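K.L.:
I am attaching a structure below and will ask some questions about it afterwards.
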Amino acid sequence: MATDVHRPVKARTPDRPTASPDTVVRVEGLTREFDGNAVVDGLQLNVRAGEFVALLGRSGCGKSTLLRILAGLDREIGGTVLVPRRRAVAFQAPRLMPWKRVWRNVLLGLPGRPGREVAEQALEEVGLTERSDAWPKTLSGGEAQRASLARALVREPDLLLLDEPFGALDALTRIKAQQLVDELWQRRGCAVLLVTHDVEEALLLADRVLVMDEGRIAYESQVDLPRPRDIGDPRFAELRARLLDRLGVEAPLPAYAGA
């Protein structure tokens, strides 16, 4: 049953998110206000099980607010939010505790008393086994982000939420991190919602790309391209130009144009 969008309510997180087992996220009439201004305004969203969704939008459009709501970190909302109990989030800043070794950071906040082997399995999956005993301050940016991903994966999420996870990485490390996330998603089969400013990143990784504007989903596009994707594919370029146009950005001409 939908709730009154004008009344603050808590996001509900049942074991099965909706009547359909194929849907892991269902959002109806979601509203979030700050100082009387609606940052998220009557938003509707569905995410299917195993689907990779990328969310684009200008700064301040409500992308990160939506992700925090789905993660259960912001509950002062109106509307209905149905998400799985098993979900995990990784932010742009890895947020590792400097006084705990990497493997202990991976287990941080995990219920029960899991043994070190649980952390080691997750670290192996992200290619960070050899840094298990390291202190966070000794990690490179890419290594710290992989540790953050391991901490998310160890929770066996049905929904993985990624908030600009590659934004602080250099270009080469960013490409490697994108490839890692793609491999992990295909191996794990969980649903992923990626918040990003990078149109190419969205098209390289996602099944579906959403554009958020003024607190709502204003546009969406299926990405029916084979994997691994080629940015030189004319279909890729066409989708990129269309998304940039929706974002109010003029697509640059190819290098050979006008030659």
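K.L.:
Would it be correct to say that Glu143 is over 25 Å from Arg208 (Cα atoms) and either in a strand (DSSP E or B) or without any contact (Cβ under 8 Å) to a residue 24 or more places away in the chain (or both)? Lay out the reasoning, then the answer.
P.N.:
Numbers: over 25 Å from Arg208 (Cα atoms): yes; either in a strand (DSSP E or B) or without any contact (Cβ under 8 Å) to a residue 24 or more places away in the chain (or both): yes.
Answer is yes for this residue.
K.L.:
OK, next. Only one of these conditions is not met by Lys137: (1) in contact with a Lys or Arg (Cβ under 9 Å, 6 or more places away or on another chain); (2) at pLDDT 95 or above. Which number is it?
P.N.:
Condition not satisfied by Lys137: (1).
K.L.:
Under 8 Å between Cβ atoms, which residue pairs at least 6 apart in sequence (or on different chains) link something in segment 185-214 that is touching a residue at least 40 places away in the same chain (Cβ under 8 Å) with a partner that is assigned to a loop (DSSP other than H, G, I, E, B) and polar (S, T, N, Q)?
P.N.:
So the pair list comes out as His197/Ser59; Ala202/Thr196.
K.L.:
Suppose the filter is assigned to a helix (DSSP H, G or I) and farther than 18 Å from Ala90 by Cα; does Leu184 pass it?
P.N.:
Values: assigned to a helix (DSSP H, G or I): yes; farther than 18 Å from Ala90 by Cα: no.
Considered against the rule, which asks whether it is assigned to a helix (DSSP H, G or I) and farther than 18 Å from Ala90 by Cα, Leu184 comes out as no.
K.L.:
If you go through segment 137-161 one residue at a time, how many are crowded, with 20+ Cβ neighbours inside 10 Å and of a type in the set (S, T, N, Q)?
P.N.:
Residues that pass the stated criteria total 2.
K.L.:
Report yes if some residue within segment 215-234 is over 27 Å from Ala144 (Cβ atoms) and in contact with a Cys (Cβ under 8 Å, 6 or more places away or on another chain); otherwise report no.
P.N.:
Within segment 215-234, one or more residues are over 27 Å from Ala144 (Cβ atoms) and in contact with a Cys (Cβ under 8 Å, 6 or more places away or on another chain).
K.L.:
A further question follows. Output the residue which, of all residues in segment 174-214 that are of a type in the set (Val, Ile, Thr) and in contact with a Leu (Cβ under 7 Å, 6 or more places away or on another chain), is nearest to Ala147 (Cα to Cα). Before you say what the answer is, go through the steps one by one.
P.N.:
Restricting attention to segment 174-214, the residues satisfying the condition of being of a type in the set (Val, Ile, Thr) are 175, 181, 192, 195-196, 199, 209, 211.
Now restrict to residues that are in contact with a Leu (Cβ under 7 Å, 6 or more places away or on another chain): 181, 192, 195-196, 199, 209, 211.
Details: Val181: 12, Val192: 18, Val195: 19, Thr196: 20, Val199: 25, Val209: 26, Val211: 29 Å.
The qualifying residue nearest to Ala147 (Cα to Cα) is Val181.
K.L.:
From the list Ala54, Ala88, exactly one residue is over 21 Å from His197 (Cβ atoms) and part of a strand (DSSP E or B). Which is it? Even if it seems obvious, please write down each step before you answer.
P.N.:
Values: Ala54 fails: over 21 Å from His197 (Cβ atoms).
Being over 21 Å from His197 (Cβ atoms) and part of a strand (DSSP E or B) holds for just one of Ala54, Ala88, which is Ala88.
K.L.:
Follow-up. Quick check, is Arg235 surrounded by fewer than 17 Cβ atoms within 10 Å (Cβ to Cβ) and modelled with pLDDT of 95 or more? Break it down stepwise before answering.
P.N.:
Working: surrounded by fewer than 17 Cβ atoms within 10 Å (Cβ to Cβ): yes; modelled with pLDDT of 95 or more: yes.
The answer is yes for Arg235.
The values are calculated or read from the model by the stated rules, or taken from the named source; none is laboratory data. The model shown is predicted, which means the values in this text are computed figures rather than measured ones. With ideal geometry, Cβ positions are generated from the backbone for all residues, glycine too; neighbour counts draw on all protein chains shown.
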